[in-house]
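Asker: First the structure, which I've put down as C-alpha cells, then a few questions once you've had a look.
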Amino acid sequence: MRLFPVAPLTFCQARCGTILPHGGGPDDKLPVAVRKGELIGMLQYVMNRQEDIWGPRVEDFRPTRWDGEKLGWHCIPFSGGTRIYMGQQFALNEELVSR
C-alpha cells in the first residue's frame, strides 16, 4: 500500500488562508502562503518514495521498516481527515486475519 497507494493523488481546497511553515524555496525550508479557495494536492505516490523518509532502499519490501516508532503522517495509504478511505478498518482487519 505504501508503494502503490489506493489514492496516489489527493486534493483539498483551503477553507481559509494560512501559512505553511516550510515547503517553499529551492530547499523546501521557506514558508508557503496558501490563500482561501486554493487547491492543495498531496502526491502520496511521490511522498511514499522519498529517501529522506524511507531510507536509501525505498523500493525494497522490508516489513521491518514498520517495527519501532509510529510514522504518523508520513504513511497514510488510506488518506486522512475528512477524506479518509471508508474501508480502512475493514482492510486493516483483513490484513490481521491473513497473518
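No lab work stands behind these numbers, since they all come straight from the coordinates. Quantities reported herein were computed from a predicted structural model and do not represent experimental measurements. Note: ideal-geometry Cβ built from the backbone for every residue, glycine included; neighbour counts use all protein chains shown.
Asker: For Arg15, what charge total do you get from the other residues with a beta carbon under 13 Å from its beta carbon, if Lys and Arg give +1 and Asp and Glu give -1?
Answerer: +1
Asker: Let me have the relative contact order for the chain, percent, based on Cα pairs under 8 Å that are six or more residues apart.
Answerer: 28
Asker: In debye to the nearest 20, how big a dipole does the chain give about its Cα centre with +1 on each Lys and Arg Cβ and -1 on each Asp and Glu Cβ?
Answerer: 300
Asker: State the label only: which of (1) 38, 25, 18; (2) 44, 30, 17; (3) 46, 32, 21 corresponds to Cα extents along the principal axes in Å computed from the shown model?
Answerer: The value matching this structure is (3).
Asker: Then there is this: Identify which of Gly81, Gly37, Gly24 has the largest mean-square fluctuation in a Gaussian network model of the chain, with springs joining Cα atoms closer than 10 Å.
Answerer: The residue with the greatest mean-square fluctuation here is Gly24.
Asker: Then there's this: Compute the length gained on full extension between Asp52 and Thr64: take 0.36 nm times their separation in residues and subtract their Cα-Cα distance, giving the result in nm to one decimal.
Answerer: That pair, Asp52 and Thr64, stretches by 2.6 nm at full extension.
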